[in-house]
Amino acid sequence: MVILAIVWLVFLLFVSLKPAHAAPEAGATGETANGARASYQLHCAACHGTDRLGGIGPALLPENLSRLRKGEALKVVRDGRPATQMAGFGQALAADQLAALVDWIYTPVVPAPVWREADIRASRIQHTEPAKLPARPVFEADPLNLFLVVEAGDHHVSVLDGDRLEVIHRFPSRHALHGGPKFADGGRYVFFASRDGWVTKYDLWNLKVVAEVRAGINTRNLAASPDGRHIAIANYLPHTLVLLDGDLNLLKVLEVSDRDGKHSSRVSAVYDATPRHAFIAALKDVPEVWEISYDPAADEIPAGLIHDHAQREGAFIPGYLNPRRTQLNDPLDDFFFTQDYAELMGASREGKGQVVNLDARKKIADLPLAGMPHLGSGITWDWRGRRVMASTNLQAAEVTVIDLQSREVVRRIPTRGPGFFLRSHENSRYAFVDSMMSPEYKHVLQVIDKETLKVVHELTEQPGRTLAHVEFTRDGSYALASLWEDDGALLVFDAQTLTEVKRIPMRKPVGKYNVWNKIMREEGTSH
């Protein structure tokens, strides 16, 4: 393992010192910018790349730093980041030099940096040969009741036994994992994506990293087919949807633009639609939804004018790994599938909700949503003979409950503040919602009774701290919440009595993901 780690670090240092892929940054002129550039090359380039595209450290581009405020970035550059390789430069650089350096890394690179097919292929690292690993778990725990807990405090992932509620393994991850891990092959393999484009394949049965590849520069999320043979990566930068095989070899890069090729677009999100044998992707800057089949026998896709489908008079392209487009009126920022995956419910950044039928390939209804719903965190359940869906809202202090058949709002449940995550389980009468977007109430978790559609209980931490993101054990007996702090913990609650039964210390635990709930597409969790 030590030898592998050394090889990995040497490889990444080599990658970081490759020639730049882009021209100098817009506005990077004048003495201040030149000084900042010189400071960067002297102190930062060895880890973050001469072109700011990343290496041992993450990419330093505005797109990758959007969640880190300049003030926080300045503190990191000045003081370093504990328990990482990030050293502080407060002794080496004066205050004005530090400020200029931080301003400079938040300056866009123009033209935008590129990440070509050759770059993707060259970045691939094979850590372990899967054929040499046992085809059985190396631990005693139930492999279907494991949790993967992403710890952002020091960029690690913990493997938690969901029965004993104990950590059985912990390993370092890429910087800033995002979009949630995706399980495949019955839960043996799991795929991670980092904000700066690295995709990692991990063998959960053998607790080993198998392979890695860098699929982009700024990545939104990834999706995996259930058999693990196809992986899709949604990128903000460059504007691509990257398709890999299960060994992280490149299959195809789809340049993302509208049908006419006139307007390029970031990818809002990509998810697996298992019953359709396809990935579904929404575009952030273009009003289209793409369906990309990973079935080699998929029907061909009409391209251009078709005179007669039956007689095949017209142009067609293969249905395998090519986008089948649905035209919309507004772009989608995030979306949610109905249980049969025939429809998706999506919303734009402005909160305009719409229902899209994936078979008819058209919008069929509006959604009466306000603010900025977080539909990617939606859940469903049966309520009084009806199937309903509920979603948090990033701007409004409410959980919106919608009848999936009539698409009418059943209830707007007031909450302490705007929330990000909503979670439940089919064996629980309760749904847990946070208020993490509220400065006053981010320490409060509220418990909603799914029958009465009312808040019936609150779980609180110290004011000023963040309590969020609940995930249930396989059988729904326990609900685990994240104390989202560097000196944080997993808080384990009895899902029936709502009492805390255990607290497991962790370094800023963010998401936690139960194998069974994910691979079975459990109704109370996101997919």
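Can you list the residues of region 362-399 with backbone N under 13 Å from a point 7 Å past the Cα of GLU426, pointing along Cα to Cβ? Within reach of a label on GLU426, which here means backbone N under 13 Å from a point 7 Å along Cα→Cβ, region 362-399 contributes 380-382. Measuring only protein heavy atoms, the 1.4 Å probe finds PHE147 accessible over about 0 Å².
Sequence-distant contacts, meaning Cα pairs under 8 Å at least 6 residues apart, place the relative contact order of region 299-436 at 13 percent.
Of the listed pairs LYS252/LYS512; LYS70/LYS182; LYS201/LYS352; LYS208/LYS508, which have alpha-carbon separations greater than 27 Å here? From the list (LYS252/LYS512; LYS70/LYS182; LYS201/LYS352; LYS208/LYS508), the Cα-Cα distance tops 27 Å for LYS252/LYS512; LYS70/LYS182; LYS201/LYS352.
With the alpha-carbon atoms of the chain aligned to their principal axes, the span from lowest to highest coordinate is 67, 66, 50 Å, starting with the largest. Size estimate for region 163-247 follows the Kirkwood approach: the inverse of mean 1/r over distinct Cα pairs works out to 13.0 Å.
Dipole magnitude for the chain: about 480 debye, using +1 per Lys or Arg Cβ and -1 per Asp or Glu Cβ, origin at the Cα centre.
What is the gain in length, in nm to one decimal, between GLN126 and ALA46 on full extension, counting 0.36 nm per residue of separation less the C-alpha to C-alpha distance?
Full-extension gain reported as 26.5 nm.
Here GLN91 and ALA315 are evaluated by their C-beta separation; at R0 = 56 Å the FRET efficiency comes out at 0.30. Relative to its residue count, region 311-408 spans a Cα convex hull of 129 Å³ per residue. Value of Rg to Rh for region 186-232, rounded to two decimals, is 0.97; Kirkwood radius and Rg both from alpha-carbon coordinates.
Accessible surface for the chain, divided over its residues, is 42 Å² per residue with a 1.4 Å probe.
Once you sort the root eigenvalues of the Cα gyration tensor of region 387-476 as a ≥ b ≥ c, which label holds: rounded (a/c under 1.5), prolate (a/b larger than b/c) or oblate (the other case)? Write out the running numbers ahead of the final one.
Numbers: a/c = 2.11, a/b = 1.33, b/c = 1.59.
Here region 387-476 falls in the oblate category.
When a/c reaches 1.5 or more, the comparison of a/b and b/c decides; with that in mind, is region 219-310 rounded, prolate or oblate per its Cα gyration tensor?
Verdict is oblate for region 219-310.
A straight chain from ALA342 to ASP475 at 0.36 nm per residue would run longer than the Cα-Cα distance by 45.1 nm.
Could you calculate the contour length gain from LYS362 to SER264, that is, 0.36 nm times the residue separation minus the distance between their Cα atoms, to one decimal place in nm?
Full-extension gain reported as 33.2 nm.
The shape of region 91-231 can be summarised by an equivalent ellipsoid whose semi-axes, obtained from the alpha carbon gyration tensor, come to 33, 20, 13 Å from longest to shortest. Reducing region 348-389 and region 230-273 to their Cα centroids gives an inter-centroid distance of 24 Å.
Extent along the principal axes, Cα only, for region 63-173: 55, 38, 23 Å, with the longest axis given first. Computed over the alpha-carbon pairs of region 475-527, the distance histogram in 10 Å steps reads 25, 46, 29, 1 percent, short to long. State whether region 429-527 is rounded, prolate or oblate according to the following rule on the C-alpha gyration tensor (a ≥ b ≥ c being the square roots of its eigenvalues): a/c under 1.5 gives rounded; otherwise a/b larger than b/c gives prolate, and the remaining case gives oblate. Oblate, since a/c reaches 1.5 and b/c is not below a/b.
For the chain, with all protein chains in place and a probe radius of 1.4 Å, 52% of the accessible heavy-atom surface sits on carbon or sulfur.
Would you list GLU288, GLU343 from the most to the least accessible area, probe 1.4 Å?
My answer, sorted largest first, is GLU343, GLU288.
Once the mean of 1/r is taken over each pair of separate Cα atoms and inverted, region 207-257 shows a Kirkwood hydrodynamic radius of 11.3 Å.
The values are calculated or read from the model by the stated rules, or taken from the named source; none is laboratory data. Not measured: the values here are computed from a predicted model. Counting neighbours? That spans all protein chains shown, and the Cβs are built from the backbone with ideal geometry, glycine included. When the accessible area is computed, the model is the full protein with side chains, heavy atoms only, and any ligands, DNA or RNA have been set aside. Shrake-Rupley method; radii C 1.70, N 1.55, O 1.52, S 1.80 Å.
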